[in-house]
Each structure stands twice: as structure tokens, then as C-alpha cells.
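Presented below is the structure to which this report refers.
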Amino acid sequence: MAPRLAFTEDNALRIAAVERAFAPSGKSLSKPGRVLVGEGRLMKLCRRSLQPKMFFLFNDIMVYGSIVVHRLWYKNQHIIPLEDIIIEDLADSLEMKNQWLLRTPKKSFYMSAASEKEKQAWICRIMECREQQLISSRKEPTTSFATTWIPDRASHICMRCADKFTVTQRRHHCRQCGFVVCNSCSKCRIVIPAISKKPVRVCTLCFNTLLCEKAKEEAGKRSSDGFDLEMPVYEASSDEDSDEREEDDMMPIQWAKPQIIYHPKNTRFAYLK
């Protein structure tokens, strides 16, 4: 059914609506053969707290962003190829119900749905689309994934030197190990290709480890030249999630026009055969 939907006017209009919602900074999402399978509002565990995000599942990518005006305006667009996604189903915790872990090479994070049924529907649909995408594209699935950041509130001390965090002693995150660390323990920057082409913040321990790994890789390749490494610099911590805001209660998830429709109590799903 998905191949037929790719050429329908309804599918084109729905994709265009998503593009407009992310304008003017969002990337174009229209592509021959692309189908918008479903959309819904989920909670994402950010560095400081749980935040509502709008997720759009296509047959080849997943797109999500921060909500400014629901259904009208989103920002901070993120696009993830489905072949780069791995999902780990998780049991409920004290702070997060109906949760799972979404892992990608650039970023891994915890998500939660409004109900167990909605959670399982998302997981099932994502994995089905991913499997079909791997078959049709003949691409190899990603095997290297980014570490999951430990939330700010999980530690009151630096996880490297044990200094206590204060108003002036701010929390930062190592992009390699995900630990919550102080500025003194994370002054180093190095390029981690899977995460960014630019140098990113890492703790001193990870920096030294990565240097050793790079030295081993380049041994014998460059006898006279030094290593092409970034020197440690000082800069503010990443605030990539600081502009996220709390929104209203989660809205129902919507799948593409169904042949079979399932109606739980607080949400609506439409499944494609």
C-alpha cells in the first residue's frame, strides 16, 4: 500500500504541510517515493527534563522538532535515516512510563508515549519501515551508535572529579561517554565523525583515549607530519535543548489513511496493511 500512497495527492499535501510547519529553516522533505506514514506527539528526555516533541514517520526517514504552535509551527528540525535507527524497548521507570530508547549514530535518547499501546504501535511501525527501507535501499544497517546522555538531575557532582555543581560550576556533557562533568574536566574538543564534522566537547579521559585511538590508526600513514587533531579550547556548554519548552498534554498519534483503524481510549491509530 505504501508504494501506491507515494503517488497520491493526499500524501503530497500532507508532506507539504509538514514542510510549511518547519519553514523557513527546515529542509525540504518532498522526494519521489516518500510516504508520510504517521505523526504524533511524544515525550523526549532532554538534558534538563522531559520535553514534548512532534515526530513524523516517513517510509525512509524520521523527522522531529520542537513545538511552537501545534500543527502550525515547529522548529529545530532533525532528520534521521531509518537505517540509522535502533530501538530498545524498556520497562517503566519511576519517572518515565511507556518508554523506549532510540539510538542513532549522532544522538541517542529516551522517549515515551501516552500509553503502552501507543508505544508498541510506534515501535512496531518504525521497525517495519526500517526493515523495508533496508531491503529496498540495499544499505547496510548502522552498527555504531552515540552514547545516551546522563540527565543533568542525575548527578549533583562532576562524574570525573567529584566537584559539586553550583550556580557558577555548571554542568556539561561529554559527547563520547555521556557523563555529566564540570567545565574543568571538559575543556577538550575533538572531532567525532559520527556526531559532527566540528570539534565537540569531551571529557579529559575520553579525549586522551580518542587521541590514542587516532594515533594507532594513523601510525605508519604519516611519518613526518603531526596528527590532524583539534587542540583543546574553552567555550560554553552546548545548549542545544535549552530552547525547548513545556507544552500541553500529548496529542493523538495519526497514521496514514488506514484500511484498519484501532481506537484505544485516549488516542487514535490508523494502520497501513
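The values are calculated or read from the model by the stated rules, or taken from the named source; none is laboratory data. The model shown is predicted, which means the values in this text are computed figures rather than measured ones. Ideal geometry is used to build each Cβ from the backbone, glycine not excepted, and the neighbour counts take in all protein chains shown. With ligands, DNA and RNA removed, areas are computed over all heavy atoms of the protein, side chains included. Shrake-Rupley method; radii C 1.70, N 1.55, O 1.52, S 1.80 Å.
Using only the heavy atoms of the protein chains and a 1.4 Å probe, how would His70, His172 rank by accessible area, largest first?
Ranked from most to least accessible, the order is His70, His172.
May I ask you to list the trypsin sites (Lys or Arg not before Pro) in the stretch 47-147 that are in a DSSP loop and have at most 15 other Cβ atoms within 10 Å of their Cβ?
Arg48, Arg71, Lys97, Lys106, Arg138, Lys139
Under a straight-distance cross-link criterion of Cα-Cα below 24 Å, which lysines are reachable from Lys107, leaving out those fewer than 8 residues away in the same chain?
Lys27, Lys44, Lys53, Lys75, Lys97, Lys119, Lys139, Lys187, Lys197, Lys198, Lys214
If you roll a 1.4 Å probe over the heavy atoms of the protein chains, what accessible area per residue do you get for the stretch 61-114, in Å²?
Per-residue value: 44 Å².
What's the extension gain from Ser25 to Gln120 if we count 0.36 nm per residue and subtract their Cα-Cα distance?
31.0 nm
Quote the relative contact order of the stretch 44-164 in percent (integer), defining contacts as alpha-carbon pairs under 8 Å separated by 6+ residues.
Over the stretch 44-164, the number comes to 23 percent.
Please state the relative contact order of the stretch 100-184 as a whole percent: Cα pairs under 8 Å, 6+ residues apart?
About 25 percent, as a whole number.
Could you calculate the contour length gain from Thr8 to Val69, that is, 0.36 nm times the residue separation minus the distance between their Cα atoms, to one decimal place in nm?
That works out to 19.2 nm of additional length.
Whole Å is fine, so just give me how far the alpha carbon centre of the stretch 31-90 lies from that of the stretch 100-150.
11 Å
Can you pull the percent of the stretch 1-143's accessible area that's carbon plus sulfur, 1.4 Å probe, other chains left in place?
56 percent
How long is the gain from Lys106 to Ile87 if the chain were fully straight, where each residue apart is worth 0.36 nm and the alpha carbon distance is subtracted?
5.4 nm
Rounded to the nearest 0.05, what FRET efficiency is calculated for Lys164 and Glu128 with R0 set to 51 Å and r the Cβ-Cβ distance?
With a Förster radius of 51 Å, E is 0.60.
For the stretch 137-147, just list the computed ³J(HN,Hα) in residue order, Karplus coefficients 6.51, -1.76 and 1.60, θ = phi - 60°, integers in Hz, with x standing in for Gly and Pro.
Karplus values, whole Hz, x for Gly and Pro: 8, 6, 8, 7, x, 5, 10, 10, 10, 6, 6.
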